[in-house]
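Have a look at the structure below, then the notes.
The values are calculated or read from the model by the stated rules, or taken from the named source; none is laboratory data. Bear in mind the structure is a predicted one, so any value in this text is a computation, not a measurement. As a convention, Cβ positions derive from the backbone with ideal geometry for all residues, glycine included, and neighbour counts pool all protein chains shown. The protein model used for the area step is the full one, side chains on, heavy atoms only, and it has no ligands, DNA or RNA in it. Shrake-Rupley method; radii C 1.70, N 1.55, O 1.52, S 1.80 Å.
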Amino acid sequence: MTNRSNASRVDSDHHLHPYTSIQQIEKDGPLVITKGERVRVFDESGRSFIEGMSGLWCAGLGFSEKRLAEAAYRQMLELPYYHSFNGRVPRIVTELVEEMMSWSPVPMERLLFANSGSESNDAAYKIVHYYNNAIGRPEKKKFIARDKGYHGTTAAASALSGIMAGKTLFDLPIGGVIRISCPHYYQYALPGEALQSYSDRLIEEIEQVIAREGADTIAAFIAEPVIGGGGVMIPPPDYFPRVQEILNKNDILFIADEVISGFGRLGEPFGTQVFNLKPDIITVAKMLSSAYAPISALYLNDRVCAGLRKGSDKIGYFGHGYTYSGHPMAAAVALETLKIYRGDGIIEHVRRVGAHLQKGLRRFVSHPLVGEVRGMGLIGAIELADDPVQRKPFPPEKGVGSFFLRRAFDRGLILRAIQGDILAFSPPLIINEDEIDEIIDITAAVLDETLDWVRG
Ligand SMILES: Cc1ncc(COP(=O)(O)O)c(C=O)c1O
């Protein structure tokens, strides 16, 4: 690539980029982003792009919320760092705890802080083990996790995830994860299978897995309410109620990974409310601070906490935490973020503009390249297909999703193509209807260009 800046050259030589082809970035260099404004980001040359993914499904308040910058600055002046080990706590963290508890979608007892979505799921993995050991059930340790679930990239979070890129070659030292099907009718229903029969089949699979492994060996089930990175997949309507019943019956904990859905993305504060879940643990990150500072957390219910207390009584303390668990600057940013969500009616706004996005996306239902359009609130996907009627995807090597992304990028729209040719949409929560129309108009033009290219 010509005209590369010095910043781009230095970076591509010395920076190992997550989820990026090393060869590709050595050749092309990264796109260097220099500033943000509302739903847009700007590159070094001043070109602007609508960030149709809020970065990584996370910058809920967009890229220029001054109140968050000011909250961080105020906190840095007052108390830039203190920890929560050994019975201490920064005051701002106590305020965040109070605020977050008021958002809790089901009765929860405590919050444990971490710094990323992966860490929160990693901690959930450890806590479930600790809990069962503490209450005298050392055999009850396995996890049920779903194909296409994404829970992050620490060792345990990768093991829980059902996406191979995070596992291959890594020799993860974590066992005991039982993989079950991804609940997505469009991709996985058999030819001619009705939605209800498909859903019955999913439930039977879970029942069979539990019967095979033994309920007394299975500790927890982890699921995103709406699968995000695996392809924006919404389960059949009766899936979660029936799963929930099975979990209750077999005394299996439910970990709701609300790292994407937490704090408004689906048009309710949590996916737990959308699907009427009864999780024992909820993990949150991303929109907790609108991604302006790294912070994540686990909501833990009284049942889990009772187990943790038992362990702590035995050992003398709860032996888990990070130097930056409940970092004051990140806590200040998260607290201000939640105040803005509440004060500015962001959830109601998501409901309103989310309906506009969903309507806009559904314009493409009968486009010759489109197999399925799906989504809720401010998350959506267009799944491209070689043969939409047969639900047949394009061969991955054809790179149809990548072609679409490049052309959208040329027109000033950043999106992601996940799992090949699924175009994901997850704009900042503050997006307005005009900005959504821009996204839809660019998408319409690029879908047609892509069709010409495919038919080429
Ligand atoms: C549902 C879900 N869980 C966990 C994670 C991991 O979060 P992080 O990248 O902050 O570690 C992600 C990241 O996209 C996610 O989408």
Discussion item. Being over 19 Å from the mean Cα position of the chain (by Cα), surrounded by fewer than 16 Cβ atoms within 10 Å (Cβ to Cβ), assigned to a helix (DSSP H, G or I) and not basic (Lys, Arg) is the requirement here; does SER312 meet it?
Written reply: yes
So is SER199 open to solvent by less than 10 Å² (accessible area, probe 1.4 Å), part of a helix (DSSP H, G or I) and within 16 Å of the ligand (Cβ to nearest atom) or not? no
Residue in the range 276-285 that is of a type outside the set (A, V, I, L, M, F, W, C) and within 16 Å of the ligand (Cβ to nearest atom) present: yes
Checked pairs for the range 157-177, first closer than 23 Å to LEU298 by Cα, second acidic (Asp, Glu) and more than 13 Å from the ligand (Cβ to nearest atom), C-beta under 8 Å and 6 or more apart or across chains, list as GLY162/ASP147
In the range 168-196, residues that are open to solvent by 70 Å² or more (accessible area, probe 1.4 Å) and part of a loop (DSSP other than H, G, I, E, B) total 8
Out of (1) within 26 Å of PRO241 (Cβ to Cβ); (2) within 16 Å of the ligand (Cβ to nearest atom); (3) in contact with a Leu (Cβ under 8 Å, 6 or more places away or on another chain), the one SER289 does not meet is (1)
When LYS339 is run through (1) touching a residue at least 12 places away in the same chain (Cβ under 8 Å); (2) open to solvent by less than 80 Å² (accessible area, probe 1.4 Å), the failure sits at (2)
Just to be sure before I move on: is ALA332 open to solvent by less than 10 Å² (accessible area, probe 1.4 Å), away from the ligand (no atom under 16 Å from the Cβ) and touching a residue at least 40 places away in the same chain (Cβ under 8 Å) in the structure I sent?
yes
Within the range 255-303, of all residues that are polar (S, T, N, Q) and open to solvent by 20 Å² or more (accessible area, probe 1.4 Å), the one nearest to MET100 (Cα to Cα) is GLN273
Residue set ALA145, ALA157, ALA124, ALA165; condition within 16 Å of the ligand (Cβ to nearest atom), in a strand (DSSP E or B) and either open to solvent by less than 30 Å² (accessible area, probe 1.4 Å) or within 22 Å of GLY230 (Cβ to Cβ) (or both); output residue ALA145
Just one listed residue, out of ARG40, ARG47, is more than 23 Å from the chain's Cα centre (by Cα) and over 20 Å from PRO269 (Cβ atoms), and it is ARG47
Filter the range 48-90 for residues that are among the basic types (Lys, Arg) and within 22 Å of MET287 (Cα to Cα); the one that is surrounded by the most Cβ atoms within 10 Å (Cβ to Cβ) is ARG67
Worksheet item: surrounded by 21 or more Cβ atoms within 10 Å (Cβ to Cβ), within 16 Å of the ligand (Cβ to nearest atom) and more than 27 Å from ASP216 (Cβ to Cβ), is that true of PHE113?
Response: yes
Checklist entry - Is one or more of the residues making up the range 13-21 away from the ligand (no atom under 16 Å from the Cβ) and surrounded by 15 or more Cβ atoms within 10 Å (Cβ to Cβ)? => result no
Within 16 Å of the ligand (Cβ to nearest atom) and part of a helix (DSSP H, G or I): does that describe PHE263?
no
Counted residues in the range 423-436 being in contact with a Pro (Cβ under 9 Å, 6 or more places away or on another chain) and open to solvent by less than 10 Å² (accessible area, probe 1.4 Å) come to 1
Test: residue in the range 332-341 that is of a type in the set (Phe, Trp, Tyr) and assigned to a loop (DSSP other than H, G, I, E, B): no
Residues in the range 203-229 that are out of contact with any strand residue (DSSP E or B) (no Cβ under 8 Å at 6 or more places or on another chain) and outside any loop (DSSP other than H, G, I, E, B) total 8
